[in-house]
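The values are calculated or read from the model by the stated rules, or taken from the named source; none is laboratory data. Given the structure is predicted, the values throughout are model-derived calculations rather than measurements. Neighbour counts run over all protein chains shown; Cβ positions are idealised from the backbone, glycine included.
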Amino acid sequence: MTYPVPFVFPIEAGRPLLVMSCSSTKRKVVAGDLVRFSYLYDGPTWRQVRASGFPLTNVAAISALYGFLEPGIAIETYDRKMDDKAAERICTTSNHVWRLEQAVRQAGSAFIVGGELYRRLGEAMLRQAPDLAGVVTFATGSYLAQRKQLGAWLREQAAPIAAGAELEAAA
């Protein structure tokens, strides 16, 4: 598999990086077309993120097929679920761990949402870059618990986004 052609957004420094697991629910797209993963993934947590207004420039993903996806990357649709073998491949091949580390460093902090298999990439990154342990947090617990934590985190992020928009409007 070749890595998808990048349509990367520049990560906004000073705004946390949100790292989401992929979604088995995907929007219908033409097979072979490249679409941004933030458009393709359409499960409840992805709809929650899009509805929140959190800038997609700071939303990355961990895909069962593609591994770590920087904000804005375009991919083809696929049907693959994360399993132990895929999680191990993502954590030990290519440069997924390093790329996640670079994205976190660029943003300054990160919130990682996803089950145990997705969490492995974040944990591998922290083993490689232990100095980031204080700026990376993980959603924990069941899917519903993580969804609730994501909602609280997104509401927490909304105040600085709204304040920034008010400052821009006043200028």
Within the range 93-118, the residues that are surrounded by fewer than 17 Cβ atoms within 10 Å (Cβ to Cβ) and either outside any helix (DSSP H, G or I) or among the aromatic types (Phe, Trp, Tyr) (or both) are Thr93, Ser94, Asn95, Trp98, Gly108, Ser109, Gly115
Out of the range 30-48, which residues are under 14 Å from Ile75 (Cα atoms) and either out of contact with any strand residue (DSSP E or B) (no Cβ under 8 Å at 6 or more places or on another chain) or exposed (fewer than 14 other Cβ atoms within 10 Å of the Cβ) (or both)?
-> Val30, Ala31, Gly32, Asp33, Tyr39
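Yes/no matrix, rows are residues, columns are (1) modelled with pLDDT of 95 or more; (2) not polar (S, T, N, Q):
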{"residue": "Asp84", "(1), (2)": "yes, yes"}
{"residue": "Ser94", "(1), (2)": "no, no"}
{"residue": "Val104", "(1), (2)": "yes, yes"}
{"residue": "Phe111", "(1), (2)": "yes, yes"}
{"residue": "Arg120", "(1), (2)": "yes, yes"}
{"residue": "Thr137", "(1), (2)": "yes, no"}
Of residues in the range 68-92 being of a type in the set (Gly, Ala, Ser) and either free of Cβ contacts under 8 Å to residues at least 40 places away in the same chain or part of a loop (DSSP other than H, G, I, E, B) (or both), the one surrounded by the most Cβ atoms within 10 Å (Cβ to Cβ) = Ala87
Gly141 being in a loop (DSSP other than H, G, I, E, B) and modelled with pLDDT of 95 or more = yes
Test set (1) closer than 20 Å to Pro10 by Cβ; (2) modelled with pLDDT of 95 or more - Leu56 fails condition number = (2)
